[in-house]
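Worksheet: one structure, shown below.
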Amino acid sequence: MAEIHLICGFMGFGKTTYAKMLEQTLPAIRFTHDEIMQQRYGRTPDNFQEQYKFVDDFIRQETSKLIEAGKNVILDYGFWSKDIRKQYYEWAKNLTPNVFFHAVTCDIETAKTRVLARTSENKDALYIDENCFDSRLSQYEPLTEEEGYPVIFYHSEITT
């Protein structure tokens with residue numbers, strides 16, 4: 001039966017690198033929200049929250065179709081808060097009983113260095129400066145075993 005893998009972690013933790021490895025191993029279809037945002041709306045999208053919702057709706061529709069067709073899906077989103085994790089887990093469980101979180105961890109300074117380097121060096125990446133990184137960090141709630149989800153923990157030491 002098809003599986004949904006929810007990749008959890010903060011900016012720069014190595015989620016997408018991990019998701020790409022998992023995509024090949026399973027195999028699965030990977031949706032990385034930031035990649036789709038950048039492809040559709042550019043590096044600094046206007047109306048970010050509205051565009052985010054459009055992309056999320058698209059990914060959910062495609063995920064439903066793929067699961068129904070028996071394909072594994074990876075959602076490389078981040079799932080920064082307990083509430084968001086609960087919402088997506090319940091939604092995914094309605095599609096398949098096989099839903100797993102993958103918690104990617106990394107130290108914050110390494111993550112910040114990666115994000116700022118990506119913004120500087122990759123003109124196709126979403127634009128995230130130090131102020132954005134720092135302000136969003138306060139919104140991040142790391143996934144813990146106490147939340148009760150099936151979870152695979154992965155510590156990212158990949159340097160980029």
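The values are calculated or read from the model by the stated rules, or taken from the named source; none is laboratory data. Small disclaimer: the values here were computed from a predicted structure and weren't measured. Every residue, glycine as well, gets a Cβ built from its backbone with ideal geometry; the counts of neighbours run over all protein chains shown.
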*Taking into account only those residues within region 51-110 that are in contact with a Gly (Cβ under 8 Å, 6 or more places away or on another chain) and assigned to a strand (DSSP E or B), which is surrounded by the fewest Cβ atoms within 10 Å (Cβ to Cβ)?*
THR105
*One residue from PHE31, PHE48, PHE13 being hydrophobic (A, V, I, L, M, F, W, C) and exposed (fewer than 15 other Cβ atoms within 10 Å of the Cβ)*: PHE48
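If a residue must be of a type in the set (A, V, I, L, M, F, W, C), modelled with pLDDT under 90 and in contact with a helix residue (DSSP H, G or I) (Cβ under 7 Å, 6 or more places away or on another chain), how many such residues does region 18-56 contain?
1
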_Close pairs from region 52-65: first of a type in the set (Ser, Thr, Tyr), partner not in a helix (DSSP H, G or I), Cβ under 8 Å, at least 6 apart_ = THR63/ILE4; THR63/PHE31; THR63/VAL73; THR63/LEU75; THR63/LEU95; SER64/LEU95
*State all residues of region 120-135 that are out of contact with any helix residue (DSSP H, G or I) (no Cβ under 9 Å at 6 or more places or on another chain), at pLDDT 90 or above and either over 18 Å from TYR52 (Cβ atoms) or surrounded by 14 or more Cβ atoms within 10 Å (Cβ to Cβ) (or both); if no residue qualifies, say none.*
SER120, GLU121, ASN131
*Which residues, counting only those in region 111-160, are assigned to a helix (DSSP H, G or I), in contact (Cβ under 8 Å) with a residue 40 or more places away in the chain and in contact with an Asp or Glu (Cβ under 8 Å, 6 or more places away or on another chain)?*
LYS112
